[in-house]
1. Can you give the translational diffusion coefficient of segment 79-160 in µm²/s, computed by Stokes-Einstein from the Kirkwood radius over Cα pairs at 20 °C and 1.002 mPa s?
2. From the mean inverse distance of alpha carbon pairs (Kirkwood) and the Cα radius of gyration, derive Rg over Rh for segment 23-160.
3. With 10 angstrom as the radius, rank Tyr102, Tyr84 by how many other C-beta atoms surround their C-beta, starting from the fewest.
4. Return Glu34, Glu111 ranked ascending by Cβ neighbour count within 10 Å, so the fewest neighbours appear first.
5. Points 7 angstrom from Cα along the Cβ direction at Gln124 and Asn68: gap in nanometres?
6. Dimensions of segment 99-147 along principal axes (Cα, Å, largest first)?
7. Can you put Arg95, Arg55, Arg143 in order of Cβ neighbours within 10 angstrom, beginning with the fewest?
Amino acid sequence: MFFALSLAVLFLLINKPTNAQSATSAHLADIQKEIEKNNQSYFDAFRKKDTSLFRSLYTPDCWIMFPNSPIFCGPNAASDYFLYMYKNTLLQDGRFITINLYGISDSIVAEVGFYQLFNSRHIQMDNGKYITLWKKSSNSWQRFRDSFNNSLSFKRSSMH
């Protein structure tokens, strides 16, 4: 399911007509600044153990698809995912490395990049690739669909 969804999103991104990139380069640069702040807040929430901050980064109808875990979707998805990660991993920090942004429409932007996850001793626990679809809400860009694919040989014990 995860692989098929990732392929479908990539297919849509690659085969979109050039005029579908409705956001100008300058507009995408502004959006990227907001996304970078959101990406920093993502890991700030883990460092601060702040479920409310984490939940504010996602739309109420979000989907979060992380490897080797259930799909989290709906109004409680962000909170459920946050608690799941806190209970099942030693995740304390990380970073997103944005490779590209694609303007899908006036209200949807796709971000493609790499991620790194660290424990409390700043030892890397995982790294991988991600695609995030961002949705413009009334006052900010929020995560609408998050799909992650880890690059390390996953061993659940390495995340504990």
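Bear in mind these aren't lab numbers, they're just calculated from the coordinates by the rules spelled out. Please read all numbers here as calculations on a predicted model, not as lab measurements. Positions of Cβ are generated from backbone atoms using ideal geometry, with glycine treated the same way; all protein chains shown enter the neighbour counts.
1. 154 µm²/s
2. 0.95
3. The most exposed by this proxy come first: Tyr84, Tyr102.
4. Values: Glu34 15, Glu111 24.
Ranked by crowding around the Cβ, least crowded first: Glu34, Glu111.
5. 1.7 nm
6. Principal extents (Cα only, largest first): 40, 20, 14 Å.
7. Going from sparsest to densest Cβ surroundings: Arg95, Arg55, Arg143.
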